[in-house]
Amino acid sequence: MTEAYNIVTNKTLTYQQQVIQLAKLGENTDTSIYVDPQFTKAKEEGMICDLFEGALPYRPRYIVPDYSILMKNGSAFLELDPPKDIWEATNALLIMYRHVPSVTTFPVFLGNLDSLLDPFIVDEKEAEKAIGLFLLNIDRTLNDSFVHANIGPQDSKAGRMILRQTERLQCAIPNLTLKYDPELTSDEFAALAAKTMLVTAKPSFANHRMFTSEFGEGQYALASCYNGLRLAGGGYTLPRLRLNNIAKNASSPEDFINNVLPKYASLMAAHMDTRIKFMNEEAAFFKSSYLVKEGFLDPKNFVGMFGLVGLAEAVNTLLGKDSKHGYGHNKEADDLGVKILASLDDFLSKHKAPYSENSGNRYWLHAQVGIEKDGPDSSPGVRIPIGSEPEILKQIQHSTRYHKYFPTGVGDIFRFEETWIKTPEALVDIIRGALSSGMRYFSGYCENNDVVRVTGYLVKRSEIARLEQKEAVKNDATILGQGSRDLAHAFDRRVVK
Amino acid sequence: MAQAPINKIINFSSVDGPGNRMAIFLQTCPFSCWYCHNPETIKACIHCGDCVLTCPSDALHMIDGKVVWDEDKCTQCDTCIRTCKYSSTPKILEMSAESLIKRVREVKPFIKGVTVSGGECMNHPDFLLDFFTLVKAEGLGTLLDSNGFRRFADYPKLMEVCDGVMLDVKASDPAFHQELTKADNSMVLLNLEQLLNTHKLQEVRIVILPNKPDENERTIRYVASIIQDKAPLKLLRYRPFGVRDEGLKELGMGNTSLEEMNRCLDLAKSLNVKDIEIK
Ligand code: SF4
Ligand code: SF4
């Protein structure tokens, strides 16, 4: 039996999921892009992972269109005039979403929805209905948890409607981020967002000041899990170093930092160079896509994302510590973690990245959240292993030492007792403190929600139950959630009382 | 600087006043209520040494006639608390206001303020003055959670650096208060009025008992007649968790019914109290 046969006969896949997997199979028959045999070996040995991006990148991995252009000019390619009311605006967006590719085939960024839609709010009742239907449509047609919308930082009618409807609908999709800045975001809006987060596991809170200082005023977006990317741009590619496995090849922390890690980092960077050159020089996308022609995208705004997972386990292996006494609990371990990141950051600052003009001609670090196949000994990015989390204050203080290294994405997740729903202002105090202390991205949810955050994306427990009964479910990410739950105990996060 | 015996510090609390707060629990209390949930906070340790013998983790030692607790070795199994016959605990840190403020500074970006509770915080007024003065200098809020046994008007300096008091009114009937808490309530009722008049009454709390509807009603009527719509009222549901045998005998093993909670809520509403919460 061929792999294609297995896909076609798999009853837990929807039609759409089969199409995607079959396309990947076809893509991978091509060998035009040179792959260093050493890279292939590192991949086979579990040192590097290319996240199954495919052999022939026919579009960048993540695309972050500037949808304000659609509002202003409409689109010639899509034959859309600039929208004039809330129905035309939401309809135009829904149409365009079907024409924004990505590695998942779904759009990973839906726009800063409140600023896009607020100008169209006239009759509030009608607008709220339009926004509710818009969100429902997204959940049912863009069925992938990496579909991500942004709101904020300013309070607005549209922002409040989106939060209210998000709470009412209880959907896993879209993922949602509030760009939060205590100076720009009203306390009331922040509290409404915090309450919505507790009962629906979204929005997450992004450190607006931190992102603005790196990308410039209004120039960033949160896409996919929590990926910080430049507006009208995106992420070319995202392979990752599996630090937990790489550390096993080192004889000491020094050997790791000076010899072992640079070897794999160089292999990965070279692999990224080749793919990015191909995308810019040979693939049709940047030359022919309406997204580029009509100004929704500018190739200069794309960046290569240099991913990593398993820092916690790497550090613990190098120092011979167990997870309760090592990374997250021990200064020596935490210091080593910082040293490793500083060395990678230094490596990247010296490696000239092609076609990355607006990213300082370099790759930026990304704390990848992991995939189901990683198994239990590989924590997402720089997180402390689940089950070994210290109390929330210590966990936040720990994360603030690491988050600055990851402009293209890092975050931590906290699980709260139900009582916090009554005091969202108290939660906002914690989030404000966390972000002002240097945390980049804060996610949370309540212990017994149906919608829960697994590693970066959301799934519904009820859908996982259906998958376990061997039924097909529409959300692509549910199958990932099932794996993470079983393998990495992602549902067993420490509860904040 | 004055010191105080600290029973517990909770870095993040959402249930001890507005916003996220650091909650600090001081040891010793002049009352001994039937429904006390943490009776080990009532008395100072007399260093009898009983608990040293039962600690399974070698975290307690008798040094120069005093029990010393080793926080690093402790597994928080609470065997010591169950052993103690004197309503106390060996897990106490004697701290000065200056060492405690260091802990506050660490948490400062995350909190609106601190709330000192107990035991009974007003057993340590000198410490509170020192501590709140330092907390105020950090620009943070200061609340007390008190049973009102001591006259706040006698501590004008402390009240200057204290934003408000969350006052427990256990019972308005003097005889019943005596039975319930083993103490007199005349000072509590005086404080209720004085705190309200000086705008230091953050909220009033009444524990609603499962089997004393008349006392519940009497206390609510009394409190409502004083505070009216000028201060928030919290009605706390009796829960048997952590309560000693004596209290369980008087109040039983069940929570106060939701019907009784709602009856009390409606009563308070009908008496013109505006801001009422059931917890
Ligand atoms: S709680 Fe008490 S008995 Fe238990 S380990 Fe700690 S000191 Fe010992
Ligand atoms: S805590 Fe209780 S048992 Fe232990 S020494 Fe003090 S009084 Fe004795």
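Just so it is clear, none of the values below were taken in a lab; they were calculated from the coordinates. From a predicted model like this one, the values you see are computed outputs, not experimental measurements. Quick reminder, even Gly has a Cβ in these numbers, built from the backbone with ideal geometry, and neighbours come from all protein chains shown.
Annotations
- Chain B: angle of helix B:186-197 to the longest principal axis, Cα-based, in degrees nearest 10: 70
- Inter-chain shielding of B:33-43 (mean C-beta neighbours from other protein chains, 10 Å cut-off): 0
- Compared with the dominant principal axis of the Cα atoms in chain B, helix B:125-137 is inclined by about 90°.
- Euclidean distance of C-alpha centroids, region A:4-18 and region A:246-312, integer Å: 31
- Computed from the Cβ-Cβ distance with R0 of 51 Å, the FRET efficiency linking residue A:254 to residue A:281 stands at 0.80.
- For region B:42-58 versus region A:320-395, the gap between their alpha-carbon centres in whole angstrom: 44
- Of the trypsin sites (Lys or Arg not before Pro) in region A:290-359, the ones in a loop by DSSP (not H, G, I, E or B) with at most 14 other beta carbons within 10 Å are A:324, A:352.
- Counting charges near residue A:53 (Lys, Arg +1; Asp, Glu -1) among other residues having Cβ under 14 Å from its Cβ returns a value of +3.
- Axial C-alpha extent at least 27 Å, average Kyte-Doolittle at least -1.0 - helices from chain A (DSSP): A:261-281, A:331-350
- Legend: ranking of residues B:222, A:67 from fewest to most surrounding C-beta atoms inside 10 Å; resulting order B:222, A:67.
- If you take the Cα centroid of region A:43-118 and the Cα centroid of region A:125-175, the two points sit 16 Å apart.
- Partner shielding of A:409-422 amounts to 1, given as the average count of beta-carbon atoms from other chains within 10 Å of each residue beta-carbon.
- Calculated FRET value between residue B:126 and residue B:64, using beta carbons and R₀ = 25 Å, to 0.05: 0.45
- Sequence ranges A:172-180, A:31-39, B:149-157, A:397-405, ranked by mean other-Cβ count within 10 angstrom, highest first: A:172-180, A:397-405, B:149-157, A:31-39
- Prolate/oblate/rounded label for the protein assembly as shown (Cα gyration tensor, a/c 1.5): prolate
- With a threshold of 28 Å on the Cα-Cα distance, the over-threshold entries among B:8/B:182; B:182/B:274; A:179/B:230 are B:182/B:274; A:179/B:230.
- Where trypsin sites (Lys or Arg not before Pro) fall in DSSP loop in region A:9-62, at most 11 other Cβ within 10 Å: A:11
- Folded to 0 to 90 degrees: helix B:213-227 orientation relative to chain B principal axis, Cα: 80
- Residue exposure proxy: B:212, B:91, B:279, ordered by other Cβ atoms within 10 angstrom of their Cβ from fewest to most, comes out as B:279, B:212, B:91.
- Exercise: per-residue mean of other protein chain Cβ atoms within 10 Å, A:370-377: 0
- Excluding exposed DSSP-loop GluC sites (Glu not before Pro) (at most 11 other C-beta within 10 Å), longest clean stretch of chain A: A:218-470
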